[in-house]
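Asker: Pasting in a structure now, in structure tokens, and then I'll have a few things to ask.
Coordinate-derived values only; no laboratory data. Owing to the predicted nature of the structure, the values given are computational and were not obtained by experimental measurement. Cβ atoms come from the backbone with ideal geometry, glycine included; neighbour counts cover every protein chain shown.
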Amino acid sequence: MNATLSRAVLNRLSFGPRPGDAEALQREGLARWLDRQLAPDDHQDEAAARALDACRLSIKYDGGQDWSAVDEERPLAALDQPVEALWPLADGKRSLPGPERQFPRQQTVAATLVRAVHSRWQLREVLADFWHNHFNVFAGEQSVAVALPSYDRDVIRRHALGNFREFLEAVATSTAMLVYLNNRSSRAGSANENYARELFELHSLGRDAYLNALYDKWRAVPGAAQGAPRGYIDQDVYEAARAFTGWTIEDGAGLGGGQRLPETGRFTFVEGWHDGYQKRVLAQEFDPFQAPMADGRRVLDLVADHPATALHLGRKLCVRLVADRPPDRLVAMAAAVWHDNRRKPDQIARVVRAIALSPDFAAPGSGKIKRPLELAASLLRAGGVGFTATSAMIRDLDASGQRLFGAPAPTGHPDQDEHWLGSSALRRRWDLVLALAENRWKTGALDLAGLFPEPVPAAAAVERWQQRLTGLDAEPATTRAILDGMGLKPDRPLAPGKDGDAPLKRIAAYVAMAPRFQTR
Amino acid sequence: MDGHALHLSRRRLLRGGLATGLAVGFGGGLCGVPGQPNVAWAAGDPVAGMRTGTLVVVFLRGGADTLSLMAPADDPDYRAARAPELRVQTDGEAAGLPLAQTLAAGIDFRLHPEAAPLAELYRDRSLAIVHAAGLTDGTRSHFVAQDLIERGVGDEAALTRTGAGWAARWLGDGAADGMAGDRMTLSAMAAGTGVPAALAGHGGTLAVGDLDRGLAPPGGKATAAVLDGLFRGDDGPYARAGRDALAGLAGIDARLPRGADGKIAPYAAEGGAAYETGEAARGLQTVARLVKMEIGLRLAWVDVGGWDTHENQPGRFANAVRGLSRALAAFHADTNRFHDRVTLVVLSEFGRRLRSNRSQGTDHGHGGAMLALGGRVAGGRMLGRWPGLASHQLDRGVDLAVTTDYRAVLAGLVGPAVFPGYAGPGLGLLTA
């Protein structure tokens, strides 16, 4: 395996190389590395388990009428809890301090950061991030924030490498999505179209398959006469919205006659809210009065099977794992693997594998700008930091433009370079690497003593940090820029300890600001 | 969103493709020279576009329910289609604020009760309302609709032919941006972290959040010096963007007034303006500060989210309207010395369904409305043509029809040349 491929694998299929990762990958070979990464075993992830156990987040608020002041550190206890255990935190009728209501989201963010740095199953972490954006929910909404631990655990992580049709149903019945895209309140008579529209446009077929000019002329959609319409129209959205009426959660809503739903936050189907009459979705007739949930499930079958979904998801995976504009033949290959394996339990893993093993995977010019999460995790991994997530870090990361589980629009965070290159976003990312290198948020210190057992001249320190962080030979221009900018003489000796620490940390941060580290 | 799908490197697009793109657009039979009004425009609008000054665009992301903002409150079709809490009332405690208008005689148009600051701006003729405006394309997708509007085109077929955004076409390549001695030129800014697709193709747009703590790079002068060295001679996208950012951020930072202690002085708004928190207020305050620096700002873009009200609309919409109205009023008061030079336009990707759903909300619709605010706006009027809300008058039988192409409003501000292939009539939005 050449160095370009090895670097591409570790930067795109993992959150960056730790010391020794490149050599281990060389020894193992990409195919075997993929075999292991695509069949992760949670019982064999001790480093991540230990780091999650050890992680503490601070929570602090003043006393109020119904509560006393709190200023303490807490473990990530919400991660294992079912939605009904956390649901009372979202109850607007209860008087609760705001930080308690948001704490499940904080814990999910912390766990995401810890796993990105420490998990052995890096590829699953990369894909969990991908799917969280694909099936985005906005945890600024309280009822979504408390549902986030179960969404992350039982929906996103469980299905990240699995079968897309099963994944879709897990999402469609998840508390987080039912709240976020409002299907929980959709009723027969005037259905709420929010979820149904984004199911077609974002989750499955994609906007390229939206043939809105044909609005109500379903027979005119190419392929419709053969029962295989090339795309969808607004009528499909309206009809699908009817199919999902009654898919809701136990949120205490009134059922009529003095009856109410329980208040657990769990999924339920309310027959009385379902629009049972006949429907037509993607040129398929639905007979009236089907079994409970059968209409919605059939919509999920249709969109999961659709060739446009294979193309949309194939392309999107290539954009995440390869380049902003992946070669057409790579996208076509990924779509074909997706479609051919749509009944397989490991459909998604097979597509990822095919993309990674393609000759286009590491083609020249396919690099992208790291998103803030990738940037932070890759620096922490390469820098040998015994990282733990802290509330202070989460607060600042939230302001970096990649607020995890906090993108308001259902598209999630953008995946194109252009978005991350605005001046404000750049300034934030420079601050992110500087703060991590200097341990401003008490997330863990760089391994200075390990890297610099002896005092070294400043020029050699810059070179060593470049080799360590990028895995490549030092660039003289980078060395010069950093020494000149810092006003350091090349032969000035630096060593960990009192006065060597500050410049050595700074050098690490500046190497991480250089173009080679900022791109993948 | 695929709003950033066309992300040809900004500079490259400018140098290579943009001029060609314009030439092709105008090869389609439209007479006219970029930047010059054509005949129809000269007749309709004496001033075809702002030759100087700043255009502020406030984009309401999510599809604002303009039928709840500027409502035909006593229209029987309106009343029949919506639950009472989802429409503006003509009487009672929460009655809407009447608008004097000639758009539709006999209809009692009212502003949402939380829009009192807008009612005042309308009364003093600073604010004009264009109702039933929007895309003629029938898309009900947020992301397609936003893309169409930001690229300044009329239909999806035109998207593939149009790389740059309309604001970028108006501004040109930004080649004059940057420092010339002590003199700084910044022609475009976006409030927030990202640059909208409307500015894709314009090099050097500065994306800035609030200015309260300055814009110097973290880590002091050494960081600026190191970054400057790291980016030198590198033509990759990150290094190019980094160079632009360093120059722009430093230029603005140097112009922020400082106290005796060297710290950025708290911003003193003028005209009794009080900015509150929230996206609109924060963004518009930053715009006002940049306008006052007199650095040649031509276009400022402020995104405001929170308008996609499929559920629980009454409370959410009231909050959104309150935040927007107060922010617009604060901005207008704060920039009173610049009223002849600053024009603001408010738009959204579409309006919402006339008929409410059973979640106390409204789904994606079609026709919306646009607002124009400023000293040069011929305000106190509702413009356009009111199509009516009876079933046969609705778009596809369900949504407010579009009788004014959104480009008619924008072309009245930046000139029709920015919208290749569009040749609709002017609206007379600005005073001569």
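Asker: Compute the distribution of all C-alpha to C-alpha distances in the stretch A:317-366, in bins of 10 Å from 0, and list the percent of pairs in each, rounded to whole numbers.
Answerer: Spelled out per bin, shortest first, that is 28, 55, 16, 1.
Asker: Let me see the P(r) profile for chain B: every Cα-Cα distance counted, bins of 10 Å, each bin given as a percent of all pairs.
Answerer: Taking every Cα pair in chain B, the percentages come to 4, 22, 32, 25, 13, 4, 1.
Asker: Next question. When the Karplus curve 6.51 cos²θ - 1.76 cosθ + 1.60 is applied with θ = phi - 60°, which whole-Hz ³J(HN,Hα) does each residue of the stretch A:177-193 get, with x for Gly and Pro?
Answerer: Couplings: 6, 5, 6, 4, 9, 6, 5, 4, 9, 7, 10, 4, x, 8, 5, 7, 8 Hz.
Asker: Using amide H atoms built 1.01 Å from N in the peptide plane, name the residues 5+ places from B:Leu103, or on other chains, whose amide H lies under 5 Å from its own.
Answerer: Under 5 Å from the amide H of B:Leu103 lie the amide H atoms of B:Met382, each far enough along the sequence or on another chain.
Asker: Return the distance in nm (one decimal) between the two label points of a simple spin-label model at A:Ala502 and A:Arg153, each offset 7 Å from Cα along Cα→Cβ.
Answerer: In this crude label model, A:Ala502 to A:Arg153 measures out at 4.5 nm.
Asker: Between 0 and 90 degrees, rounded to the nearest ten: what's the tilt of helix A:458-470 against the longest Cα principal axis of chain A?
Answerer: Helix A:458-470 and the main axis of chain A meet at about 30 degrees.
Asker: Just to confirm the number: angle between the C-alpha axis of helix A:294-305 and the first principal axis of chain A, 0 to 90 degrees, nearest 10?
Answerer: Here the helix axis deviates by roughly 50 degrees.
Asker: Report D for the stretch B:393-432 in µm² per second (integer): Stokes-Einstein, Kirkwood Rh on Cα pairs, 37 °C, 0.692 mPa s.
Answerer: Estimated via Stokes-Einstein, D reaches 287 µm²/s.
Asker: Any chance you could get the radius of gyration and Dmax over the Cα atoms of the stretch B:79-213, in Å?
Answerer: 20.6, 64
Asker: For A:Val281, list long-range residues whose amide hydrogen, built 1.01 Å from N in the peptide plane, is under 5 Å from its own amide hydrogen.
Answerer: Those qualifying (amide H under 5 Å, at least 5 residues apart or on another chain) are A:Phe286.
Asker: Mean 1/r over all different Cα pairs, inverted: what Kirkwood radius does the stretch A:46-178 give, in Å?
Answerer: After inverting the mean inverse Cα-Cα distance, the result is 15.6 Å.
Asker: Which of the lysines could be linked to A:Lys370 by a straight reach, that is with a Cα gap under 20 Å, when you skip same-chain ones fewer than 8 residues away?
Answerer: The reachable lysines, counting only those whose Cα sits under 20 Å from A:Lys370, are A:Lys316.
Asker: Per the Cauchy relation, a quarter of the hull surface: what is the mean projected area of the convex hull of the alpha carbons in the stretch B:80-120, in nm²?
Answerer: Average projection, Cα convex hull of the stretch B:80-120: 3.5 nm².
Asker: Over all directions, what mean area does the Cα convex hull of the stretch B:279-376 project, stated in square nanometres?
Answerer: 6.5
Asker: Give, in whole angstrom and from largest to smallest, the semi-axes √(5λ) of the equivalent ellipsoid of the stretch B:188-235, with λ running over the eigenvalues of the Cα gyration tensor.
Answerer: Details: eigenvalues 106, 63, 7 Å².
In descending order, the three semi-axes are 23, 18, 6 Å.
Asker: How long are the semi-axes of the ellipsoid equivalent to the stretch A:185-305, from square roots of 5 times the Cα gyration tensor eigenvalues, in whole Å, largest first?
Answerer: 29, 14, 12
Asker: Under 16 Å from the Cα of A:Lys60, which aspartates and glutamates turn up, not counting those fewer than eight places away in the same chain?
Answerer: A:Asp71, A:Glu72, A:Glu73, A:Glu100
Asker: So, one more: Less than 25 Å apart at the alpha-carbon level, and either on another chain or at least 8 residues along: which lysines does that give for A:Lys279?
Answerer: Hits, sequence-local ones excluded: A:Lys217.
Asker: Spelling out what I want: for every residue of the stretch A:128-133, take phi, set θ = phi - 60°, compute 6.51 cos²θ - 1.76 cosθ + 1.60 (Karplus), and round to whole Hz; glycine and proline get x.
Answerer: 3J(HN,Hα) across the stretch A:128-133, in whole Hz: 4, 5, 4, 6, 4, 6.
Asker: May I pose another question? In the stretch B:236-303, what GluC sites (Glu not before Pro) fall in a loop by DSSP, with at most 15 other Cβ atoms inside 10 Å?
Answerer: Listed in order of number, the matching sites are B:Glu270, B:Glu276, B:Glu294.
Asker: Provide Rg over Rh for the protein assembly as shown; use the alpha carbon set for both Rg and the Kirkwood Rh (inverse mean inverse pair distance).
Answerer: Reported Rg/Rh (Cα atoms, Kirkwood Rh): 0.95.
Asker: Given the DSSP H assignment, sum -39500 (n - 2.57) over each helix run of at least 4 residues in chain A and divide by its residue total; what's the result at 222 nm in deg cm²/dmol, nearest 500?
Answerer: Rounded to the nearest 500, the figure is -14000 deg cm²/dmol.
Asker: Output the peptides A:226-232, A:342-348 sorted from most to least packed, where packing is the average of other Cβ atoms within 10 Å over each peptide's residues.
Answerer: Most protected by this proxy first, the peptides run A:226-232, A:342-348.
Asker: What trypsin sites (Lys or Arg not before Pro) does the stretch B:76-126 have in DSSP loop regions with at most 16 other beta carbons within 10 Å? Before the final figure, lay out the partial values.
Answerer: On the way: sites: B:Arg79, B:Arg82, B:Arg87, B:Arg110, B:Arg123, B:Arg125; in loops: B:Arg82, B:Arg87, B:Arg125.
Those satisfying the criteria are B:Arg125.
Asker: OK, next. Can you give me the C-alpha center-to-center distance between the stretch B:317-383 and the stretch B:406-432, rounded to a whole angstrom?
Answerer: Using only Cα atoms, the two centres lie 18 Å from each other.
Asker: Apply 1/(1 + (r/R0)^6) to the Cβ-Cβ distance of A:Gln278 and A:Arg350, taking R0 = 35 Å, and write down the FRET efficiency to the nearest 0.05.
Answerer: Calculated transfer efficiency: 0.45.
Asker: Can you give the FRET efficiency to the nearest 0.05 for B:Asp212 and B:Gln393, using r as the Cβ-Cβ distance and R₀ = 60 Å?
Answerer: 0.75
Asker: Further, regarding this structure: Calculate, axis by axis, the spread of Cα positions in the stretch A:1-101 along the three principal axes, and write the results as whole Å, longest axis first.
Answerer: In descending order, the Cα extents are 64, 25, 22 Å.
Asker: If R0 is 56 Å, what FRET efficiency do you get for A:Val70 and A:Glu28 from their C-beta distance, rounded to 0.05?
Answerer: Efficiency computed from Cβ-Cβ geometry: 0.70.
Asker: Are there GluC sites (Glu not before Pro) in the stretch A:1-56 that DSSP puts in a loop and that have at most 16 other Cβ atoms within 10 Å, and which ones?
Answerer: Qualifying residues, ordered by number: none.
Asker: Set the bar at 21 Å for Cα to Cα. Now go through A:Lys498/B:Lys221; A:Lys505/B:Lys221; A:Lys344/A:Lys368 and name every pair that lies beyond it.
Answerer: Result: A:Lys498/B:Lys221; A:Lys344/A:Lys368 exceed 21 Å.
Asker: What nm distance separates the two modelled labels at A:Ala188 and A:Ala363, each placed 7 Å from Cα along Cα→Cβ?
Answerer: Taking the two extended label points, one gets 5.3 nm.
Asker: Using only the alpha-carbon atoms of chain A, report the extent along each of the three principal axes, biggest first, to the nearest angstrom.
Answerer: Between the extreme Cα coordinates on each principal axis of chain A lie 82, 63, 42 Å.
Asker: May I pose another question? Roughly what angle does helix A:234-243 make with the longest principal axis of chain A, taking Cα atoms, 0 to 90 degrees, to the nearest 10?
Answerer: Computed tilt is about 80 degrees.
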